[in-house]
Amino acid sequence: NDLGGCNGTSSMAVIKDYYALKENEICVSQGEVVQVLAVNQQNMCLVFQPASDHSPAAEGWVPGSILAPLTKATAAAENSDGSIKKSCSWHTLRMRKRAEVENTGKNEATGPRKPKDILGNKVSVKETNSSEESECDDLDPNTSMEILNPNFIQEVAPEFLVPLVDVTCLLGDTVILQCKACGRPKPIITWKGPDQNILDTDNSSATYTVSSCDSGEITLKICNLMPQDSGIYTCIATNDHGTTSTSATVKVQGVPAAPNRPIAQERSCTSVILRWLPPSSTGNCTISGYTVEYREEGSQVWQQSIASTLDTYLVIEDLSPGCPYQFRVSASNPWGISLPSEPSEFVRLPEYDAAADGATISWKENFDSAYTELNEIGRGRFSIVKKCIHKATRKDVAVKFVSKKMKKKEQAAHEAALLQHLQHPQYITLHDTYESPTSYILILELMDDGRLLDYLMNHDELMEEKVAFYIRDIMEALQYLHNCRVAHLDIKPENLLIDLRIPVPRVKLIDLEDAVQISGHFHIHHLLGNPEFAAPEVIQGIPVSLGTDIWSIGVLTYVMLSGVSPFLDESKEETCINVCRVDFSFPHEYFCGVSNAARDFINVILQEDFRRRPTAATCLQHPWLQPHNGSYSKIPLDTSRLACFIERRKHQNDVRPIPNVKSYIVNRVNQGT
């Protein structure tokens, strides 16, 4: 019985590899022999692929262009070994349709519908006079010999089977971007460069070369890459049924550009503070440092001030009083050092330093004629801060009233002078100074977004990574202060405000009334109020240092992560003993959701000997403070204890000093209790 009907069933050889584009197609390899079951008007063939050692038998559609007739000898050989049987293959297809109809009826009655078979979009094949085809007539006409819709198979929108991937390279390198697209009709390919304009690939001398092949691989070759070639490259595939694209970023690494022109400001008769902006191009890698050079007016020789700094500001000391100086900055990265920046304007240093004792502060009168008081913001040990409005400009300000009974004029002037010289976004700005019969008055920048801890409490979830972010922010502000050789000496939650007026909130440090210049002479800071954040040297009455502030940051980190104070005890005296003995731990109930990196950061900082504590710059290099380092705990922190801590701090009094604390500690230590 000749079963050669049914659209001319025959065996054909595959002459070219083909990769399926849709789920209704199959992959075939050159040299295989398949049986053609049906052919549609778009020259797509429904074929049967016999089982092999590598894959089971399969049926699906392939283009007719990849098939060719077998020779008679090859066809005879294929038929003789029984690997392909025409009648069996076509009969199998019909029997499968009968089974589907029967199972469909059973499934409707007995259970849920199974997912549709991959041959989902089908049309009926016209009847022929084949004797074998007549066996199909007993099937439901709606399902009889349905085959895939040829238009659905033939026409598909383009898609990328292999997308582009990002590339990082060196200056002058050649980069090849590769992707793979499919679609029917074959899509038209265009490329866009970093400026989003179509790349010129027709010019023989162009930097770009585009190639493609029939299997869908597309290649863009970019030669002699320069920094301006960095950016996003996009490959676009388009045909009559749609458009799709894939993009990749190319980063060309090299020497950074020169930083912007620095700005120099006198700080004393022998020092200046220099600030600059990072270079417009970092060479697509991290800046590893900045080198600062200076020269006196009339000299052609530039002297190097410091080998390298990671900051974009620097205090240059040991200059000659009364001399004019000029400065320039170079940036470096792993690939080299940039050209020097444009030199700063000359700045002439004063003959003598009058700012240290506040002698340059001018105290105005008639505060009430210039400002109107609105409400109280907060209270300190020696002052009251109120919100006021400037009558002429209607601008809101914060006004600090320092009691003349509690502070001498030179002490108030000292704080005002420090604020004048600290030109940094994380310290509040001093607008003006006044004097009244009862107070020294500082007109300050208004920060009405509240304290840092209150801000963190308003979040639904407080994560360890956010705590690390703000500790890093505080440490950066402290590093600037320490570069000016100034110790704050009153780091505590009440002196940390949040600035929400900028896209990324930042911390501002306030209250510099205890701040001192750390120079050759020793300074002993008297402990006032609660000793929770005080370093051992403050409690013991020995000279303080810049490291005294670092200790306070360690205590603050402990509090923000756990909500409890590490050294707090039933009395202030017992708390002082705990501080001096560095008696703290990490209880499991408080630190079960805190990473080991965070605990290590606290341990490194809380050292009894201030000489063993890291500097602010060293702290900023600790792994826990590196953004996106992957070591942060993913468990939200319990803020219930932090809420209690904040509430308790609101009701404590920091005005009265602890009497005889030094002798008390000495006696307790000697007793060994």
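The values are calculated or read from the model by the stated rules, or taken from the named source; none is laboratory data. Given the structure is predicted, the values throughout are model-derived calculations rather than measurements. Here the Cβ is made from the backbone with ideal geometry for all residues, glycine too, and neighbour counts use every protein chain on show.
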When residues of the stretch 390-444 are filtered for being in contact (Cβ under 8 Å) with a residue 60 or more places away in the chain and of a type in the set (D, E, K, R), how many remain?
4
Are there any pairs, at least 6 apart or on different chains, whose C-beta atoms fall under 7 Å, with the first in the stretch 289-313 and of a type in the set (Lys, Arg) and the second surrounded by 13 or more Cβ atoms within 10 Å (Cβ to Cβ) and part of a loop (DSSP other than H, G, I, E, B), and if so, which?
295/302
Which ones in the stretch 546-581 are of a type in the set (Gly, Ala, Ser) and more than 27 Å from the chain's Cα centre (by Cα)?
547, 552, 565, 571
State all residues of the stretch 572-599 that are surrounded by 15 or more Cβ atoms within 10 Å (Cβ to Cβ), under 18 Å from residue 553 (Cα atoms) and among the charged types (D, E, K, R); if no residue qualifies, say none.
599
Among (1) of a type in the set (Asp, Glu); (2) buried (at least 21 other Cβ atoms within 10 Å of the Cβ); (3) over 28 Å from residue 618 (Cα atoms), the one test that residue 464 misses:
(3)
Of those in the stretch 497-543 that are basic (Lys, Arg) and under 27 Å from residue 566 (Cα atoms), the residue surrounded by the most Cβ atoms within 10 Å (Cβ to Cβ) is 508
Restricting the stretch 304-325 to residues that are in a strand (DSSP E or B) and closer than 18 Å to residue 268 by Cβ, which is nearest to the chain's Cα centre (by Cα)?
313
On the given criteria, is residue 75 under 22 Å from residue 216 (Cα atoms), among the hydrophobic types (A, V, I, L, M, F, W, C), modelled with pLDDT under 85 and surrounded by 13 or more Cβ atoms within 10 Å (Cβ to Cβ)?
no
With the structure loaded, tell me whether residue 486 is modelled with pLDDT of 95 or more, crowded, with 19+ Cβ neighbours inside 10 Å and among the hydrophobic types (A, V, I, L, M, F, W, C) or whether it fails that test.
no
Considering the stretch 600-626 alone, what residues qualify as being buried (at least 17 other Cβ atoms within 10 Å of the Cβ) and either in contact with a strand residue (DSSP E or B) (Cβ under 7 Å, 6 or more places away or on another chain) or among the charged types (D, E, K, R) (or both)?
613
Quick one: is residue 345 over 26 Å from residue 448 (Cα atoms), of a type in the set (Asp, Glu) and over 37 Å from the mean Cα position of the chain (by Cα)?
no
